[in-house]
1. Determine which single condition residue 37 fails, assuming it passes every other condition in (1) touching a His at 6+ places or on another chain (Cβ under 9 Å); (2) open to solvent by less than 60 Å² (accessible area, probe 1.4 Å); (3) on the phi < 0 side of the Ramachandran plot.
2. Need pairs with beta-carbon distance below 7 Å; first residue open to solvent by less than 60 Å² (accessible area, probe 1.4 Å) and within segment 41-66, second of a type in the set (D, E, K, R); sequence gap 6+ or separate chains.
3. Only residues that are in a loop (DSSP other than H, G, I, E, B) and either surrounded by 10 or more Cβ atoms within 10 Å (Cβ to Cβ) or modelled with pLDDT of 80 or more (or both): list them for segment 154-171, please.
4. Say whether the condition of being in contact with a His (Cβ under 6 Å, 6 or more places away or on another chain) and either charged (D, E, K, R) or surrounded by 15 or more Cβ atoms within 10 Å (Cβ to Cβ) (or both) is met by at least one residue in segment 117-127.
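The values are calculated or read from the model by the stated rules, or taken from the named source; none is laboratory data. Keep in mind it's a predicted model, so treat the numbers as computed, not measured. When we count neighbours, we look across all protein chains shown, and the Cβ atoms used for this are built from the backbone with ideal geometry, even at glycine. Ligands, DNA and RNA are stripped out before the accessible areas are found, and what is left, the full protein with its side chains, is counted by its heavy atoms. Shrake-Rupley method; radii C 1.70, N 1.55, O 1.52, S 1.80 Å.
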Amino acid sequence: MSFGTVDKGLLASSLLDHGPLPVAMMFLIVAEKDKYGVTTLNPRIMSKLLGIPMVMAQEGWDILTSPDPASSNPEHEGRRLIPFGDGKWLVVSHAKYAAEHSLALKRQRDKDAQQRHRDRLKEAEKAEKSAADAGPSDRDVCDVCGEPAEVAVAGNRFCRKHAPEIPTDPEDDGGPI
């Protein structure tokens, strides 16, 4: 299945000088073309898809395959389609718009990734603030009186008031053994 992105410039292009038919045909071509910009549509298929007489479909096709000096894309003298082998046609501006679309998608992905990063930072800040606002946890309080603990001994926590005497080595500088 193919996917085609239509540039809004198509709605203001010189194709409109020829009426809505070539614009409608171009929309169908953009929707049907493959990732290389190649389509297998032709006037007969367009006639059936649009429910118009073959003569009208051929007139619209001729507009798309003829030079257009007013076209914003001067490649191939402003033609929208050029022959590309048996029954295939190349959309002349495909590469240009595919590159623009890829760049736009990359920018959007980067923007979304940056927003997710900012959201994660905000959540982390909010969690830190909540933890700070909640005060000390059960693990950070004295096992005897519930005051903030400053010393841990053998898995127990104590405030300075309830901390057991920690023996020191008399030959040492007074630090704990």
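1. Here residue 37 meets the rest and fails (3).
2. Hits for this filter: 41/32; 64/80; 65/79; 66/79.
3. In the first step, residues of segment 154-171 are kept if they are in a loop (DSSP other than H, G, I, E, B); the result is 154-155, 159-167, 169-171.
Within segment 154-171, 159, 160, 161, 162, 163, 164, 166, 169 meet the criteria.
4. First, pick out the residues of segment 117-127 that are in contact with a His (Cβ under 6 Å, 6 or more places away or on another chain): none.
No: zero hits.
Rundown of residues vs (1) modelled with pLDDT under 90; (2) of a type in the set (Val, Ile, Thr); (3) within 19 Å of residue 11 (Cα to Cα), yes/no style:
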position	(1), (2), (3)
35	yes, no, no
72	yes, no, yes
77	yes, no, no
91	yes, yes, yes
